1. Only helical DSSP H runs with n ≥ 4 go in: add -39500 (n - 2.57) per run for the protein assembly as shown, normalise by residue count and round the 222 nm mean residue ellipticity to 500 deg cm²/dmol.
2. Across peptide A:27-37, how many C-beta atoms of other chains are within 10 Å of each residue C-beta, on average?
3. What residues in segment B:1-16 lose 20 Å² or more of accessible surface when the other protein chains are added to their chain alone (1.4 Å probe)?
4. Convert each backbone phi in segment B:9-22 into a coupling constant with the Karplus relation 6.51 cos²θ - 1.76 cosθ + 1.60 (shift: θ = phi - 60°), then list the ³J(HN,Hα) values in order as whole Hz, x for Gly and Pro.
5. Taking every residue in A:88-96, how many Cβ atoms of other protein chains lie within 10 Å of its Cβ, on average?
6. If I model chain A as equal point scatterers sitting on the Cα atoms and use the Debye formula, what is log10 I(q)/I(0) at q = 0.10 Å⁻¹?
7. If contacts are Cα pairs under 8 angstrom and at least 6 residues apart, what is the relative contact order of segment A:44-84 in percent?
8. Given the peptides B:23-32, B:41-50, A:39-48, arrange them by the average over their residues of other C-beta atoms within 10 Å, most packed first.
Amino acid sequence: MYAFDIERPATVAEAVAALSNEDAQALGGGQTLIPTLKQRLASPEKLVSLTGVAEMKGISSAGGILTVGGGTTHDDVAADGSYKALSELAANIGDPAVRSRGTIGGSIANNDPSACYPAAALGSGATIVTNEREIAADDYFVGMFETALGEGEIITAVKFPIPEKANYQKFVQPASRFALVGVFVAKTADGVRVAVTGASNEGVHRWSAAEEALSKDFSAGALDGLTVSADDLIADLHGSAEYRAHLVSVMTKRAVAAAS
Amino acid sequence: MTKVTMTINGKSVSGEVEGRTLLSSFLREDLHLTGTHIGCDTSQCGACVVHVDGKPVKSCTMFAAEADGADVATIEGQANADGSLNVIQAAFQEHHGLQCGFCTPGMVMSAAALLKDNPKPSEAEVREYLEGNICRCTGYHNIVKAIMAASGQDVSAIAAE
Ligand SMILES: Cc1cc2nc3c(=O)[nH]c(=O)nc-3n(C[C@H](O)[C@H](O)[C@H](O)COP(=O)(O)OP(=O)(O)OC[C@H]3O[C@@H](n4cnc5c(N)ncnc54)[C@H](O)[C@@H]3O)c2cc1C
Ligand code: FES
Ligand code: FES
């Protein structure tokens, strides 16, 4: 690792001030950033650790909306249970030690194309709350590792409208523990949302044909005959684009069947 | 350099660290607590697992500065007060839960974290919990058996390998 300083602010305002230096970078749970720093793929002058910011931690629920602080660990979301599909997703991220440290804000800021939380946020139609504004998930996820976040902008919370039914199915890539393909399905009064992670070179995205079919008939059978094109899907040593395309339909059906 | 103070295995410890000093480096290089092992550079092997404020953490994936004020437990603090092996360590010995021993400190610390939350885990729960602890020798079977035995469950039905 290159050398850098660490600051540990106690409030969002202090963190934002510390991040105004353009060579400063936010540090969440460090479960992605620290391995990146070890490989010298990033060279910040200063890391601003968000783990001491109490106002960014914790989970609350009001009026059908679950608000998860940006600094809340995967472990705490897993233990919460008030949005079952979200807690189950968090409980299956990585391993226990990763879940002790990793945070929802870090995962959503990073937007790894194989990460789990982006599928939950997009699939639930969540709102990403930052120190500056609120961004609808549909406008937030721009592409692989790309988001609508500006320089120094901090995710302070994520607001999830709790659906009638939802489920996340992850086909685990066993070496990394990330999703080879993961699908989040949510059924709300306004229709069905289907978000796919792990599959596309464009990162997390919605599968609109499946949404349409499921909005008419919320059953795995409604997806019979529906396939996704392998064009532009990720192909690597773990799976070809065709394999991933197949998995998208299979995981979507499983998520519909398991939704509760 | 900044000064950090934390409790390690019940004792208050201070030291000077750089921003980039990992908790694992602080433990191993500054405090010579070399029981915590480093098996990878990618946060995947779990040989470095310690407890920070009661939770299992990969000490190679946390900065020492972030542990300022924390309560840290490492493998060196696991034995009983009289120096004898604790129940998990003794079960690893009894059931051949180790061969080269490289993964063992992390395995024992993960097992301790599991049994604290879930005193009587099923075999499947043990395997699931060890997802972040890689062993290149044992094939995991005897590690799982040792942890089941440490939880006081009958392991005679789990075949020896
Ligand atoms: C072995 C292993 C297995 C894993 N398995 C999975 C898995 O199965 N599924 C999965 O989804 N993920 C997985 N992860 C990734 C894990 O979930 C990370 O915790 C997560 O991607 C990043 O969160 P963090 O809090 O650790 O962020 P960091 O690593 O600290 O930061 C990541 C990025 O986000 C920025 N950032 C951090 N917090 C904020 C914030 N609040 N606002 C704005 N920017 C911020 C940082 O500047 C950095 O660019 C795994 C990681 C490891 C090491
Ligand atoms: S050394 Fe920490 S996970 Fe491998
Ligand atoms: S005993 Fe050798 S790596 Fe596990």
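1. On the way: 14 runs with 119 residues, N = 421.
The per-residue figure over the protein assembly as shown is -8000 deg cm²/dmol.
2. Shielding by partners across A:27-37 averages 4.
3. none
4. 6, x, 10, 6, 9, 10, x, 9, 10, 7, x, 7, 5, 6
5. On the way: counts 0, 0, 0, 1, 2, 0, 5, 13, 16.
Taking the mean over all residues of the peptide, I get 4.
6. Debye curve over Cα of chain A, log10 I(q)/I(0) at q = 0.10 Å⁻¹: -0.47.
7. Details: 33 pairs, mean separation 13.3, N = 41.
For segment A:44-84, the relative contact order is 32 percent.
8. Going by the mean number of other Cβ atoms within 10 Å, highest first, we get B:41-50, B:23-32, A:39-48.
The values are calculated or read from the model by the stated rules, or taken from the named source; none is laboratory data. Note that this is a predicted model, so its numbers are computed, not measured. Here Cβ is always computed from backbone atoms with ideal geometry, including for glycine, and neighbour counts include all displayed protein chains. The protein model used for the area step is the full one, side chains on, heavy atoms only, and it has no ligands, DNA or RNA in it. Shrake-Rupley method; radii C 1.70, N 1.55, O 1.52, S 1.80 Å.
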